[in-house]
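The values are calculated or read from the model by the stated rules, or taken from the named source; none is laboratory data. Because the structure is a prediction, the values reported are computed rather than measured. All Cβ positions, glycine included, derive from the backbone under ideal geometry; neighbour counts span all protein chains shown.
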Amino acid sequence: MKYTYVIKRILYSVFVFAVVITLNFFIPRIGVDDPAERYYPPQGNMSEIEYEIIKQVTRKQYGFHVSTWQQYTNYLEGLSRGDLGSSFRPGSPSVLGLILERLPWTLVLSVSTMLIGLITGVLFGVLAAVKRGRWQDTMLLNASTIMIALPSFFIALILSFYLGFELEVFPAYTDPNMVSSFSWALESIRRVAQNAALPVLSMVVGSVISYAQGTRNAVIAVTNEDFVLTARAKGLKQGTIRYKHILRNSMLPIVTSLGMSISGLIGGQVVIEQVFNWNGMGTLFLEANNSNDYPLMMGIMILLSGFTIVAILVTDLVYVLLDPRVTVGDKR
Amino acid sequence: MVRRLMLLLVVSIIIIPLVGCQGISQSHRPDPDTLYVGSVQTSFPAAYMPWLSREGIAPTIAGLLYDSLFSYDEDSGTYLPSIGMDWYYVDENGLPILTEDGTIDYARLEEVYGSPEHQFLRIKVVIHDNITWSDGEPLTVEDVYYSFDIATNNTLSNHAGALAWTSDLRHNYTNGVLTQQGLFTYDRGAARQGYEIAEADKDTVIYLHVNKVLGSVMPLFTSVLILPQHVWEPVVSLEHQLNSTSPNEEILYRYRNPVGSGSWVLNAAKSNNQQIILHRRPDYHLTKEDGSPLIELESIQFMLYQEINVAIYALLKGHIDVLGTTVSSNYLRLFASEEDIFVSNAPGEFAQTLVFNVHPVSSERNPLRDLLANNDFRRAMALAIDQEELIEKVLDGAGRQESAGLMKASLVDFYNPRADSLPTDREMRLAEANTILDQIAPERDSAGYRLLAGKRVSFEILGSPGEQDLISYLQIQFQKIGVDVQYAAKGTQPESTYLYTSRFDLTLHGVSFSLSNIDIMYPAHFQTLGRTSNYGRLVNEELNEAIHAMRFTLNLNTKYDLIKAIQPMIAEEFYKVPLYTSNVISVARTDRFAGYQVVDGSTVLNSLTLESLRKTERGR
């Protein structure tokens, strides 16, 4: 039964990925202007024939000179070879190269945020659940309400202005030489940590509260279950009951949140990266979008969608391990 | 357990800032000879193709690294020396067509080239004899020849923009074969054409054949950045073109280490997609009148900021000297309370206009849009617009009123005041507008809006989110004549989505007309139907004839007269109605450098500023 479930989930994921690839190709082309007319309006005494030649050259340059179907098959052929094409940027760098250049820097922020958020959030959540109704719990609930009203870019700007520009505790924005001069030396790593401090802090506040809130609710729900009462009746230690019985059984919603955050790991946080000049995937996508760099946009989208699909698949499979009752869903 | 972990967390939270504090207190502008410039972009280019794209900071950097033959001074209508030192039209014998005082003799030009058998104009260009490329090689007319030649030969350049810039040059390639030569130097057929060039001048004189339009020289002189032949010719081939989509190592190296003739050189080793460092060329050929270097500044470091508020704060806190990006007038009050801040509130070049869809394609016509085709209705709408109020409310006063003929009043040689014939008194304007509309759509609904066949007269104005403020004030102004307007988002591809397909009522469009661009812009805005800036598909035969005559006259005085005659015609169409021209606001710090210049249409980071900047006492 479980194998059937796994195979079905994998096939379903492959199907979704195929749809994503197709949409990813066609959506950017909807309403695409003729690049020639966009970049090179007719000049001076130019004749229609001369201008048509210019338009043909530009279409060829941007790969629009063949039929859409031909472009699509070329695109699929490239993908099958792991070739995401070349960017429209000067020098035509490869899309994959550009992505690989930025991805590690996004991971620095997202993985740090996820780990700090997860560990701290779960701890706070357990504490709030254990101290239900007391100040620790009230504080979490209030913080949660405030965080809903405060978007992360606002927190980022406040942190940049006060901790960065005013107090100069951390760099207000990323050192432009951080990436180009990076080596695995301790000083270089410390420099990255310094520069990453404010972006991570901006993102981690919301992440902590989100995990804490989820953990608190799950723990409270499980605490009232019969098996916890039985454990207490058996005279088990309080610590054993909390961590072995209650926390383990409260993991399902936390795994869901974690799965969702994993899928967002490589996408980057556009606004946070913008505020702190962090050269990550978010700003790469923004650059691609601003300059109508379709190959780059498509490459990023493919990678993001592929990663999300895999993350969701893995989350679904982990569900099965954590809770044997979660299997096919349609037959029990 | 929880307590222990919480303690660990608290300790970590205390330690991290301590680590972060180290090394932050260093000066943000460490080099006293470098001008630190903030630029709000998403990224800087990491490779520099010679003819860079027109987006972001690329053209600014290109203009600093490379030079064109001349630059154009809008105010005087003259070409200023750059690589080129002098130019003039010549007759068939190569003799200059100049007046006694050395200016172009347009009457004679018309006399010499007026007849139809003359199919092109002949131009002689003399370049400076002391120019070197940044790698030390001398710059000669062979570099000029190479640049124009490859620009016209797309099989080698693969650059559509270059084809567009040189479309008026009578030098043509067909499938990579030269079919018509229009460039002549001492070594490239000048003598055969009857142009005498002394051997001593062989590196500095070039003749050009161009189409018979006075504006032909503009893109040739100012858009084509001259390239070093010795750098590009050895590596450019049919397989590896100048603008290569898959550059090999050699071409990529040249993209990353540009060799130019401009006043600045790129520090390729220290530049990346977050900062660009340029150093002044001590051997730049142009100097001040006393022979001293044109620029005193040693280096410029462009710093990337992706968020405007962060960039503004960086300026206020002394991380940068100049913010090379236009800022909103909303920030004027913030800067007013700051010390050491210079605000450049320069007159703008682009007039914001309200464009009417006057002649939509048949499938997009409807009774309401038919109203827009009515000149009287458009006149009423134009009368309802109060430019003064829009400037005050939308721009916080940082703007100026624009002529209905869409020509800057400061361009005294071209501006025609007869274009501004509508009454100036606000009450009179509204009364006249309501009188006109009472004839067209007298009925009103309970809210006071006019009705047409029982339906409210309501139009959508296509705009970007940043233009919602303006549209809100237009809403209030048009309400006074009973016409409703609503904001409609134009999206990222408005041309193909709405404008070229006539799927709009009204839209906003920034326009800028001057002698340097009207040959191209007048037809594009008012004459040509199809995929041009004539979004509302205006058709006016009389205007078309005037534009045609203006473009093709060889007499500059006649051209001026026709430009003046065209302005009232444009105004009377009420097709692109001016709303205002906003100022270009930018800021700089004055604690280290002084001498910032306010230049029309430019930010404080302009060529005049770079030539004038000097260190202050505190900056030394």
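Taking the stretch B:249-344 as the region of interest, the helices (runs of 4 or more DSSP H) fully inside it that hold 1 or more residues being within 18 Å of residue B:34 (Cβ to Cβ) and not β-branched (Val, Ile, Thr) are B:308-316. Among the candidates B:231, B:235, B:205, the residue that is surrounded by fewer than 19 Cβ atoms within 10 Å (Cβ to Cβ) and in contact with a Lys or Arg (Cβ under 9 Å, 6 or more places away or on another chain) is uniquely B:235. When the residues of the stretch A:170-191 are filtered to those that are of a type outside the set (Gly, Ala, Ser) and touching a Phe, Trp or Tyr at 6+ places or on another chain (Cβ under 7 Å), which remaining residue is modelled with the lowest pLDDT? Here the residue is A:179.
Looking across the stretch B:65-75 at every residue that is surrounded by fewer than 22 Cβ atoms within 10 Å (Cβ to Cβ) and in contact with a strand residue (DSSP E or B) (Cβ under 7 Å, 6 or more places away or on another chain), the one that is farthest from residue B:145 (Cα to Cα) is identified as B:73. Just one of the listed residues (A:180, A:160, A:188) is farther than 17 Å from residue A:117 by Cβ, within 13 Å of chain B (Cβ to nearest Cβ), not in a helix (DSSP H, G or I) and not aliphatic (A, V, I, L, M), and it is A:180. Residues that are at pLDDT 85 or above and within 27 Å of residue B:311 (Cα to Cα) do occur in the stretch A:85-100, at least one of them. Taking into account only those residues within the stretch B:125-144 that are closer than 30 Å to residue B:553 by Cα and surrounded by 20 or more Cβ atoms within 10 Å (Cβ to Cβ), which is farthest from the chain's Cα centre (by Cα)? Among those residues, the one meeting the criterion is B:141. Do we have any residue at all in the stretch B:88-104 that's crowded, with 16+ Cβ neighbours inside 10 Å and under 24 Å from residue B:607 (Cβ atoms)? Checked against the condition, which is being crowded, with 16+ Cβ neighbours inside 10 Å and under 24 Å from residue B:607 (Cβ atoms), the stretch B:88-104 yields no hits at all. Residues that are within 14 Å of chain B (Cβ to nearest Cβ) and within 17 Å of residue A:179 (Cβ to Cβ): does the stretch A:103-111 have at least one? Scanning the stretch A:103-111, I find at least one residue that is within 14 Å of chain B (Cβ to nearest Cβ) and within 17 Å of residue A:179 (Cβ to Cβ), so the answer is yes. Only a single criterion out of (1) modelled with pLDDT of 95 or more; (2) over 18 Å from residue B:215 (Cα atoms); (3) part of a helix (DSSP H, G or I) is not satisfied by residue B:608, namely (1). Residues in the stretch A:64-90 that are over 18 Å from residue A:292 (Cα atoms), of a type outside the set (Ser, Thr, Tyr) and assigned to a loop (DSSP other than H, G, I, E, B): A:66, A:81, A:82, A:83. Every test in (1) over 23 Å from residue B:139 (Cβ atoms); (2) more than 20 Å from the chain's Cα centre (by Cα); (3) in contact (Cβ under 8 Å) with a residue 24 or more places away in the chain is passed by residue B:77 save one, and that test is (2). Annotation: residue A:142 fulfils all but one of (1) modelled with pLDDT of 90 or more; (2) in a helix (DSSP H, G or I); the unmet one is (1). Candidates A:94, A:80, A:144, A:152: the one that is more than 12 Å from chain B (Cβ to nearest Cβ), touching a Gly at 6+ places or on another chain (Cβ under 9 Å) and either without any contact (Cβ under 8 Å) to a residue 60 or more places away in the chain or of a type outside the set (A, V, I, L, M, F, W, C) (or both) is A:152. When the stretch B:105-124 is limited to residues that are in contact (Cβ under 8 Å) with a residue 24 or more places away in the chain and of a type in the set (A, V, I, L, M), the one that is surrounded by the fewest Cβ atoms within 10 Å (Cβ to Cβ) turns out to be B:107.
Taken as a whole, the stretch B:120-132 holds no residue that is at pLDDT 90 or above, over 26 Å from residue B:99 (Cα atoms) and charged (D, E, K, R). Among the conditions (1) touching a helix residue (DSSP H, G or I) at 6+ places or on another chain (Cβ under 9 Å); (2) touching a residue at least 24 places away in the same chain (Cβ under 8 Å), the only one that residue B:604 does not satisfy is (1). Between B:191, B:200, B:151, B:162, the distinction of being part of a loop (DSSP other than H, G, I, E, B) and either within 12 Å of another protein chain (Cβ to nearest Cβ) or of a type in the set (A, V, I, L, M) (or both) belongs to B:191 only. When the criteria are applied in full, residue B:173 meets the requirement of being within 14 Å of chain A (Cβ to nearest Cβ), closer than 18 Å to residue B:238 by Cα and in contact with a helix residue (DSSP H, G or I) (Cβ under 7 Å, 6 or more places away or on another chain). Only strands (runs of 3 or more DSSP E) whose full extent lies in the stretch B:456-569 are considered here, and the ones with at least 2 residues that are crowded, with 20+ Cβ neighbours inside 10 Å, in contact with a helix residue (DSSP H, G or I) (Cβ under 7 Å, 6 or more places away or on another chain) and without any contact (Cβ under 8 Å) to a residue 60 or more places away in the chain are B:458-463. Scanning the stretch A:292-301 finds one or more residues that are touching a Gly at 6+ places or on another chain (Cβ under 6 Å) and within 25 Å of residue A:59 (Cβ to Cβ).
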